[in-house]
Every structure is written in structure tokens, then in C-alpha cells.
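Here's the structure we're looking at; comments come further down.
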Amino acid sequence: MRRRRRITLAAVRRLALALPEAVERAHFDVPDFRVRNKIFAALPDGDRAVVVTTDPANAEALVSWDGIAFWNEWRGRWLGVRLDRVSLPVLRDLLSDAWRLVAPKKLTAVLRESGPRAPPNKRLKLAARVD
């Protein structure tokens, strides 16, 4: 079995800040990532986890699929993700989906133009059902 490399905070920052108009700030001394002052991700647990905004159905599906890698945060409105348990492509999708949930519609068109993608969270709901 191939061991997965642990994702670093630098990688999380690089992925989050690559999204249009994303900036890093802090809320209650917790680093976070925002688009137009709306938080889409945070780093509450040092270098071990990231928390991303999501819809409750997606959070529930991912937690059911892998309760070690994912956990429900704030009644399903946020999803906790252990960085040592997910791959870089999964983290990239989670961050871009979180960004889409809070970014203005006109701004999401910028990201949509960069390539065809499924609507936010749809891929992850489907992936979570496959074992």
C-alpha cells in the first residue's frame, strides 16, 4: 500500500490563494481564507486540519464515507478535513467548492471559464457514495 504524503500548510495556502480574489486573514487568531470578506476556509488546528464551508448534505456524505478524514463542524455548515488523510486533488476540490459557495455569482464565472467542472459539491457527493 502506497503511503500518502502529508499535505503542508504551504500547500493549503497555495491552493486557497490561487482562487480568484482569495486573501488570507485571521478571525479570533485563527488563519482563514476569504473572498470579498466572506470566509470559505480556516486553519483552526495548526498544521493538522483545515475547515471548509460546505452544505450539510455534502458534509454528512463525506463524514459517513470516512469519519476519520472528515468531521462535521458547526452543524454541518463546515467540514473538518484532516490533512494527513486526504489527497491534494480532494483538498483542491473541497477548497474550490467552498470558494464557490461564498463567492459572488459573477466572480464564480471567472473560475468556471477556466474549464468544465461539475456544480459545487456534486462530485464529492458522488465520490462519497463509491466505496
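Couple of notes before you dig in:
- Here the 3J(HN,Hα) profile of the stretch 85-98, calculated from phi with Karplus coefficients 6.51, -1.76 and 1.60 at θ = phi - 60°, is 10, 10, 8, 4, x, 5, 4, 4, 5, 4, 5, 5, 5, 5 Hz, Gly and Pro shown as x.
- Label-to-label distance, nm, for residues given as ASP55 and ALA18 (7 Å Cα→Cβ offset): 2.6
- Solvent-accessible surface of the stretch 1-81, taken per residue with a 1.4 Å probe and all protein chains present: 63 Å².
- Full-extension gain in nm, ARG85 to VAL30, via 0.36 nm per residue minus C-alpha separation: 17.6 nm
- Other-chain or far-sequence residues with amide H under 5 Å of TRP78's (modelled H): THR54, GLU73
- Spin-label pair ASP45/SER64, simplified geometry with 7 Å Cα→Cβ offset, distance in nm: 2.2
- Accessible surface, 1.4 Å probe, highest first, among residues SER87, SER64, SER96: SER64, SER87, SER96
- Neighbourhood net charge (11 Å Cβ-Cβ; Lys/Arg +1, Asp/Glu -1) for TRP99: +2
- Potential lengthening of the chain between LYS105 and ALA10 amounts to 31.4 nm, from the contour at 0.36 nm per residue minus the alpha-carbon distance.
- For the stretch 37-112, the relative contact order comes to 32 percent (Cα pairs under 8 Å, sequence separation of at least 6).
The values are calculated or read from the model by the stated rules, or taken from the named source; none is laboratory data. What you see is a predicted model, and the numbers here were worked out from it, not measured in a lab. As a convention, Cβ positions derive from the backbone with ideal geometry for all residues, glycine included, and neighbour counts pool all protein chains shown. Just so you know, the surface numbers come from the protein's heavy atoms only, side chains and all, with ligands and any DNA or RNA stripped out. Shrake-Rupley method; radii C 1.70, N 1.55, O 1.52, S 1.80 Å.
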